Amino acid sequence: MKNPLGTMLSRLRSVFDVPDEIAPERYRMLRRKITLLMTAVSVLPLLILTAVSYHQYQSTLTREIVTPVRALVNKTRHSFELFLAERSSTVSLLAKTYSMAELSDEKNLNRIFLALKGEFPGFVDLGVIDGRGVQVGYVGPYDVRGKNYSEADWYNRTRVKGVYISDVFMGFRRFPHIAIAVQRMNPDGSSWMLRATIETTQFDRLIASMGLDPESDAFLINTAGVLQTNSRFYGNVLDVMPMPVPHLSYEPSIIDTEDPEGRQIFLSSAFLQNADFAIVAVKPKTEILRPWTSLRSDLLIFVAFSVALIISAAFGFTDMLVRRMRDSDERRIAAFVQIEHTQKLSSIGRLAAGVAHEINNPLAIINEKAGLAADLIALSQDFPQKERFSAIVEAISRSVDRCRSITHRLLGFSRRMDATYEQLDVNGILKETMSFLEQEAVHRSITIGTSLDAGLPRITSDRGQLQQVFLNIINNAFAAVQDGGSVTLTTFAADGGMVGVSIQDNGKGMSEEVQRHIFEPFFTTKKTAGTGLGMFITYGIIKRLGGEIGINSREGVGTTVTVYLPQDAPAPQSLEN
Ligand code: ADP
Ligand code: MG
């Protein structure tokens with residue numbers, strides 16, 4: 001069974017599969033991948049968090065806004081119910097208190113009507129209708145005495161329900177009214193009704209008391225959606241509301257919808273319990289959600305800013321990281337190459353020294369035997385070819401000497417030397433060395449330039465060996481320049497308390513190939529004229545004295561050899577051990 005976390009990790013690791021070699025492509029890829037990952041890891045949670053809080057805030061806000069609207073609708077509904085209940089119970093009380101006969105008497109009816117109007121200002125008329133539907137008593141602005149209502153809708157409804165509150169209608173002087181009718185029984189079993197008409201100006205006052213802002217609206221409708229009061233936006237009284245009638249519910253309900261003008265609105269409604277009316281309140285969403293919209297834009301700015309910050313930080317950080325990585329990779333590889341080179345040189349040096357050492361003994365024997373042969377020839381009497389023999393033996397001795405000088409020089413590279421360290425002035429040694437070569441310089445009209453740092457610190461090192469180093473390098477420079485060329489010697493204080501000496505020539509320069517092999521023994525481009533040991537020995541000495549040597553050369557332009565020497569040469573030791 002595979003571990004899912006393990007596979008995920010390995011997949012993640014495979015994202016970082018980039019080529020190993022130090023190619024620009026590797027670092028470009030690394031940079032891209034790290035930046036992407038860092039951005040994703042930090043931006044994603046931010047976005048999720050933002051989205052979650054966005055929704056949470058929105059729903060909280062909606063709830064907070066919707067609740068008061070609901071409460072307001074509920075309160076207003078109660079006010080309407082109270083208003084209608086008061087009126088209908090008053091009419092009911094009159095019908096219970098007085099008999100039809102008493103009320104049919106106009107004088108009585110008039111007195112009662114005046115008293116009623118005194119208590120409740122909205123009453124417009126009061127009428128008594130007998131069991132056949134005929135108006136038998138009336139006080140009010142109309143002349144309706146004797147009118148038969150038996151076919152009227154309200155009459156029949158009242159007969160069924162006992163108490164009836166009509167829809168709003170345009171009545172006297174084109175004012176909206178409602179009618180309230182109550183049915184009673186005469187002692188003889190026949191029925192009669194008391195009917196009152198009431199102005200609905202009070203409705204407008206109830207709506208006004210809701211204290212709505214100018215963007216909002218509230219009105220009363222009947223079950224058919226006909227407006228029972230004027231609406232601010234959706235028509236006047238008796239117009240049909242241009243929106244679907246909310247479903248019947250006595251508890252205030254709220255819906256999220258759109259009005260005919262395309263405004264997003266919250267529509268809250270509740271039906272009255274004692275009449276077929278519903279109170280409707282409309283709040284535009286824009287108004288309600290204004291604080292939300294401003295917060296949303298703040299939030300957007302904040303998120304955009306954060307994302308920008310994260311991305312630029314990721315970019316900057318990754319850039320720095322990858323650059324450091326590349327630098328250290330490059331340094332590591334350079335160091336590697338350097339170590340390889342040093343090791344190669346030291347093993348070549350050991351080999352050369354070993355060969356020289358092995359050859360030394362047979363050379364000594366040859367030398368001894370040749371000396372013996374020379375002595376024998378000298379002591380013996382003349383014999384044929386005696387001259388030739390002694391010439392041959394001499395030639396052998398000369399060759400042996402030459403071999404010995406080579407083996408000695410080779411051994412000098414690695415042998416533990418009796419170093420004689422002393423306080424030295426590098427400038428002085430350079431000048432001294434130059435004096436050996438003055439003759440040749442004059443002869444070949446080579447210009448010697450010097451730029452010696454007078455404040456150069458003195459160093460502890462070996463005078464003879466340094467002379468040899470400088471002589472080798474300057475000799476090479478002389479060999480490289482044409483007659484009339486120039487060689488410049490410079491000394492300077494280098495980093496880490498080192499003393500720097502550079503020998504610059506404007507000679508033929510070196511190819512890369514030559515530069516690679518310059519420190520190897522017997523490497524020369526000078527055919528018969530060179531031994532190829534000069535730079536090999538120079539390198540050995542400088543290493544032994546704790547210094548460094550660098551070559552900077554361009555073919556056809558010239559060469560600068562720079563030697564760095566420490567203030568104090570390390571205790572003598574050979575490269576052999
Ligand atoms: P040699 O001088 O006997 O040839 P060296 O070890 O001194 O041996 O130098 C090795 C080779 O390095 C030279 O043959 C030459 O090709 C090259 N070389 C050294 N110094 C210089 C220089 N200043 N300008 C051009 N080539 C140089
Ligand atoms: Mg040389």
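Observations
- Scanning region 180-209 for residues that are without any contact (Cβ under 8 Å) to a residue 60 or more places away in the chain and closer than 19 Å to L227 by Cα yields a total of 3.
- Here the strands (runs of 3 or more DSSP E) wholly within region 209-287 that include at least 2 residues being more than 54 Å from the chain's Cα centre (by Cα) are 217-222, 277-284.
- Total residues in region 517-545, condition more than 10 Å from ligand 2 (Cβ to nearest atom) and touching a strand residue (DSSP E or B) at 6+ places or on another chain (Cβ under 7 Å): 3
- Test: residue in region 346-368 that is assigned to a helix (DSSP H, G or I), of a type in the set (D, E, K, R), more than 30 Å from T538 (Cβ to Cβ) and not assigned by TED's automatic domain parsing to the domain that holds K33: yes
- Search result, residues across region 482-495 that are farther than 13 Å from L430 by Cβ and touching a residue at least 60 places away in the same chain (Cβ under 8 Å): A494
- Listed by first and then second residue, the pairs with beta-carbon distance under 6 Å, at least 6 apart or on different chains, first residue in region 62-73 and within 16 Å of S216 (Cα to Cα), second in a helix (DSSP H, G or I), are I65/I288.
- Where G550 falls short, out of the listed (1) under 16 Å from V469 (Cβ atoms); (2) surrounded by fewer than 16 Cβ atoms within 10 Å (Cβ to Cβ); (3) within 12 Å of ligand 1 (Cβ to nearest atom): (3)
- Residue match in region 544-563 (condition: over 51 Å from the mean Cα position of the chain (by Cα), under 28 Å from Q343 (Cβ atoms) and among the β-branched types (V, I, T)): no
- Any chance T491 is closer than 24 Å to A569 by Cα, of a type outside the set (G, A, S) and either touching a Gly at 6+ places or on another chain (Cβ under 7 Å) or modelled with pLDDT of 95 or more (or both): yes
- Residues in region 553-573 that are within 16 Å of ligand 1 (Cβ to nearest atom) and part of a strand (DSSP E or B) were compared, and the one that is surrounded by the fewest Cβ atoms within 10 Å (Cβ to Cβ) is R554.
- Pairs meeting the criteria (first residue in region 32-54 and of a type in the set (F, W, Y), second residue surrounded by 11 or more Cβ atoms within 10 Å (Cβ to Cβ), beta carbons under 9 Å, at least 6 apart or on different chains) are Y54/R296; Y54/L299.
- When region 129-173 is limited to residues that are within 24 Å of K107 (Cβ to Cβ), out of contact with any Lys or Arg (no Cβ under 8 Å at 6 or more places or on another chain) and among the aromatic types (F, W, Y), the one that is modelled with the lowest pLDDT turns out to be F172.
- Among the conditions (1) more than 17 Å from V69 (Cβ to Cβ); (2) out of contact with any Phe, Trp or Tyr (no Cβ under 6 Å at 6 or more places or on another chain); (3) modelled with pLDDT of 90 or more; (4) surrounded by 15 or more Cβ atoms within 10 Å (Cβ to Cβ), V245 misses just one, which is (3).
- Screening region 439-486 for residues that are assigned to a loop (DSSP other than H, G, I, E, B) and within 21 Å of V499 (Cβ to Cβ) and picking the one that is nearest to ligand 1 (Cβ to nearest atom) gives L452.
- Residue in region 319-331 that is in contact with a helix residue (DSSP H, G or I) (Cβ under 8 Å, 6 or more places away or on another chain), among the β-branched types (V, I, T), under 30 Å from R32 (Cα atoms) and not in a strand (DSSP E or B) present: yes
- Top-ranked residue of region 489-518 - restricted to ones that are part of a strand (DSSP E or B) and more than 12 Å from ligand 1 (Cβ to nearest atom), ranked as farthest from the chain's Cα centre (by Cα): L489
- Any pair with Cβ under 6 angstrom, 6 or more apart, that starts in region 537-548 at a residue that is in the same structural domain as Q465 (by TED's automatic domain parsing) and ends at one that is polar (S, T, N, Q) and part of a helix (DSSP H, G or I): T538/N472; I541/Q465
Residue-by-condition table, conditions (1) closer than 25 Å to T528 by Cβ; (2) within 16 Å of ligand 2 (Cβ to nearest atom):
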site: E432; (1), (2): no, no
site: A441; (1), (2): yes, no
site: G449; (1), (2): no, no
site: S461; (1), (2): no, no
site: Q467; (1), (2): no, yes
site: I474; (1), (2): yes, yes
site: G500; (1), (2): no, no
site: Q515; (1), (2): yes, yes
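- Verdict on G131 being in contact (Cβ under 8 Å) with a residue 40 or more places away in the chain and on the phi > 0 side of the Ramachandran plot: no
- Cβ pairs under 9 Å, 6+ apart, first in region 330-345 and surrounded by 10 or more Cβ atoms within 10 Å (Cβ to Cβ), second aliphatic (A, V, I, L, M) and not in a helix (DSSP H, G or I): E330/I22; I333/I22; L345/L575
The values are calculated or read from the model by the stated rules, or taken from the named source; none is laboratory data. These numbers were taken from a predicted model, which means no experiment stands behind them. Please note: Cβ atoms are built from the backbone with ideal geometry, for glycine as well, and neighbour counts cover all protein chains shown.
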